[in-house]
Amino acid sequence: MFAVLKTGGKQYKVASGDVLRVEKLAAKAGDKVQFNEILMVGSTVGTPTVEGAGVQAEVIDQIKGEKTINFVKRRRKHGSQRTKGHRQQLTLVRIAEILEKGADKSGVMAAVSGAGIAHVTGANGAPTSKKAAAAAARASTPKAENPKAAPKAKAEPKAAAGADDLKKLSGVGPALEKKLHEAGVTTFAQIAAWTEADVAAMDEKLSFKGRIEREGWIAQAVELAKG
């Protein structure tokens, strides 16, 4: 009896006792693996695979294919060229048994391409990784509603009680008023009482670059403080 199996994107026609090289499997020498993507068994043709069919094989060794050389050259003003060698990783296996049915209950490790990945057999006998199985489980589990309410918009800081509207000063807008409040300046009386030393200190602290004197804030504050 023969079978046509698919692994690593390729199809192989095999019979019991055949030795073939396939793309690297996640298995070690001596392991028994089972190919579950069977396209044909004897005269039975799959749609696209034959349900319950499988091909069991023994891993002989992990090998490398022939070396291939890739040469890439970019024809540009500042072009580049690169030579790169590659040897495809392969697994040498010997076909042990062809199962027409019951392969999904054999318990033999699924033959899956890759390295260093633990694999399990799905409910339909198809190979799947633990990572894929976990992802499928998460997808099937309904998401719980988020108990946290949407965050509220950050409220604008309120002016201190008794604070004056410093925006009445020439050149002072909301941003500049906020800076003054953060510096502890909230009233016209405070500004009206500034000395030269206070002006210099505030100018340096808030990077006003001479704005206080240029705009005449102290004189304006004196008038505004009178009400």
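The values are calculated or read from the model by the stated rules, or taken from the named source; none is laboratory data. Every value quoted in this text rests on a predicted model; they were computed, and no experiment measured them. As a convention, Cβ positions derive from the backbone with ideal geometry for all residues, glycine included, and neighbour counts pool all protein chains shown.
Table for the structure above
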item	result
The range 177-192 residues that are in a loop (DSSP other than H, G, I, E, B), paired with ones that are surrounded by 14 or more Cβ atoms within 10 Å (Cβ to Cβ) (beta carbon under 6 Å, 6 or more apart)	THR186/ALA163; THR187/ASP164
Qualifying residue in the range 66-86 (condition: under 18 Å from VAL112 (Cα atoms) and in the same structural domain as VAL112 (by TED's automatic domain parsing))	no
Options GLY17, GLY30, GLY52: the member that is in a loop (DSSP other than H, G, I, E, B), exposed (fewer than 12 other Cβ atoms within 10 Å of the Cβ) and touching a residue at least 60 places away in the same chain (Cβ under 8 Å)	GLY17
Enumeration of residues in the range 52-62 that are hydrophobic (A, V, I, L, M, F, W, C) and farther than 13 Å from ALA27 by Cβ	ALA53, VAL55
Residue satisfying all of: in the range 33-49; β-branched (Val, Ile, Thr) and under 35 Å from the mean Cα position of the chain (by Cα); surrounded by the fewest Cβ atoms within 10 Å (Cβ to Cβ) among these	THR49
Test: residue in the range 197-205 that is within 22 Å of GLY227 (Cβ to Cβ) and surrounded by 15 or more Cβ atoms within 10 Å (Cβ to Cβ)	no
Pair list, Cβ < 8 Å and 6+ apart or interchain, from the range 65-94 residues that are under 20 Å from ALA29 (Cα atoms) to residues that are of a type in the set (A, V, I, L, M) and not in a strand (DSSP E or B)	GLN89/ALA115; THR91/ALA27; VAL93/ALA111
Candidates GLN34, GLN62 - the one that is closer than 14 Å to VAL108 by Cβ and among the polar types (S, T, N, Q)	GLN34
